[in-house]
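For reference, the structure is listed below as structure tokens.
The values are calculated or read from the model by the stated rules, or taken from the named source; none is laboratory data. All of these numbers come straight from a predicted model, not from anything done at the bench. Glycine also receives a Cβ, built like all others from the backbone with ideal geometry; neighbour counts cover every protein chain displayed. Only protein heavy atoms, including side chains, enter the accessible area calculation; ligands, DNA and RNA are left aside. Shrake-Rupley method; radii C 1.70, N 1.55, O 1.52, S 1.80 Å.
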Amino acid sequence: MKKKRIVSGMRPTGKLHLGHVHGALINWKRLQEGFECFYFIADWHALTSEYANTQIIGESVNDIVIDWISVGLDPEQCTFFVQSQIKEHAELHLIFSMITPLAWLERNPTYKDQLKELSQKDLTTYGFLGYPVLQAADILMYKANGVPVGEDQAPHVELTREIARRFNHLYGRPLFPEPDTLLTPTSKLLGIDRRKMSKSYNNSISLSETDEDLYKKVGQMITDPQRMRRTDPGDPSVCNVYSFHEIYTEKDTVEKIAKECRSAGIGCVECKKIMAQGLNKWLEPVRDKRKALEADMKKVTEIISDGNSRARAIAVETMREVKELIKLA
Ligand code: TRP
Ligand code: SF4
């Protein structure tokens, strides 16, 4: 039986961190066996908010593909490509922009949130309002059946379905399937300051962290804010360090730590050291893989250009069908 197809993308704004791993990549990896996966670098999407600081975008492309492979995404099973290398995305975005009512974009909750949250940047641009139209082009270009994304992106997939429906209705043939949202559970891991882990907050632990920096960052992590003194009992259920333990530390040790935290038997300094050891052990093979790939950049470039070719072949065919339907062949 033919595998169903999924598409997902990431904006290239620097090397990846643990938030990306638990908020997306583990899910992407889980899906790679059962689905035909297209994972891409959304560099044009990055431009919508980073238009004044474009250098980071181009610089991050290879790094991110290296991060993907280092955590276990398999370029033999998945297609990795770069959005801006498939010009058909721009063409389909343009056509979709003709049929997308402004009201659909203006009411988008993610759009409204981001305008507020990223208030230091001027996001009142035409391109930023059209962000989900470009995303719909990314997804429908490949006639994806599913889109693995976090909760914040669900409205964009919903809009993609609406655009597909409208296109199919206007041009009289169900060319585009309506893709499902494959929701990734939100990662419990917060940044070292207890806010959402994000590069722009400068609170993230990156995949390419050296072990020295890793110990330093873990040392700075905010724990149970109510626990002021070593003699105060703590509450692991509100402690971000404990959330990391649950993922990176052996189960018996985790249970012991929870007990000793509640009785003030263990101090935060020691507790963090144990966590950093577990995390470091998890990061070691990821770092090794990265080093091997960095020493063989030719291979990385090849993986990307092969992926681009595979994606392009499908995109060209979809655009042929689209132009035929709208009679602009
Ligand atoms: N908007 C997505 C994000 O910020 C990235 C993205 C762009 C995407 N195009 C996509 C995700 C298509 C899924 C499908 O995370
Ligand atoms: Fe968190 Fe560990 Fe400190 Fe308890 S002992 S508050 S789990 S860091």
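Tabulated data for the structure shown
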| quantity | calculated |
| --- | --- |
| Residue among Ala154, Ala137, Ala103 that alone is under 28 Å from Lys327 (Cα atoms), aliphatic (A, V, I, L, M) and within 15 Å of ligand 1 (Cβ to nearest atom) | Ala137 |
| Where a residue in segment 213-231 is assigned by TED's automatic domain parsing to the domain that holds Cys261 and open to solvent by 30 Å² or more (accessible area, probe 1.4 Å) and its partner, wherever it lies, is in a helix (DSSP H, G or I) and among the β-branched types (Val, Ile, Thr), with Cβ under 8 Å and at least six apart | Gly219/Val269; Pro225/Val238; Gln226/Val238 |
| Hey, Thr125 assigned by TED's automatic domain parsing to the domain that holds Tyr39, under 30 Å from Ala292 (Cβ atoms) and either surrounded by fewer than 22 Cβ atoms within 10 Å (Cβ to Cβ) or touching a His at 6+ places or on another chain (Cβ under 9 Å) (or both) or not | no |
| Residue satisfying condition, being within 16 Å of ligand 1 (Cβ to nearest atom) and under 27 Å from Val7 (Cα atoms), within set Ala315, Ala329 | Ala315 |
| Test: residue in segment 170-179 that is more than 25 Å from Ile64 (Cα to Cα), in the same structural domain as Leu140 (by TED's automatic domain parsing), among the charged types (D, E, K, R) and over 26 Å from the mean Cα position of the chain (by Cα) | yes |
| Qualifying residue in segment 160-167 (condition: of a type in the set (Lys, Arg), closer than 21 Å to Gln114 by Cα and modelled with pLDDT of 95 or more) | no |
| Selection from segment 239-281 of residues that are β-branched (Val, Ile, Thr), touching a residue at least 12 places away in the same chain (Cβ under 8 Å) and near ligand 2 (Cβ under 8 Å from one of its atoms) | Val241, Ile257 |
| So Ala315, is it at pLDDT 95 or above, closer than 30 Å to Leu175 by Cβ and either surrounded by 13 or more Cβ atoms within 10 Å (Cβ to Cβ) or not assigned by TED's automatic domain parsing to the domain that holds Glu76 (or both) | yes |
| Checking Ile192 against (1) touching a Lys or Arg at 6+ places or on another chain (Cβ under 9 Å); (2) away from ligand 2 (no atom under 16 Å from the Cβ), the condition it does not meet | (2) |
| Residues located in segment 23-43, provided they are in contact with a helix residue (DSSP H, G or I) (Cβ under 8 Å, 6 or more places away or on another chain) and closer than 18 Å to Ser198 by Cβ | Leu25, Ala42 |
| Output for segment 232-249, where each listed residue is crowded, with 16+ Cβ neighbours inside 10 Å and hydroxyl-bearing (Ser, Thr, Tyr) | Tyr242, Ser243, Tyr248, Thr249 |
| Neighbours by Cβ (under 6 Å, 6+ apart or cross-chain): first from segment 140-158, in a helix (DSSP H, G or I); second more than 16 Å from ligand 2 (Cβ to nearest atom) and open to solvent by less than 30 Å² (accessible area, probe 1.4 Å) | Leu140/Ala164; Leu140/Phe176; Asp152/Thr110; Pro155/Asn108; Pro155/Thr110; His156/Pro132; His156/Gln135; Val157/Val147 |
| Residue in segment 224-259 that is farthest from Arg194 (Cα to Cα), counting only those that are among the β-branched types (Val, Ile, Thr) and in contact with a helix residue (DSSP H, G or I) (Cβ under 8 Å, 6 or more places away or on another chain) | Thr253 |
| Single residue of Gly34, Gly19 found to be open to solvent by 10 Å² or more (accessible area, probe 1.4 Å) and either over 12 Å from the mean Cα position of the chain (by Cα) or closer than 20 Å to Pro179 by Cα (or both) | Gly34 |
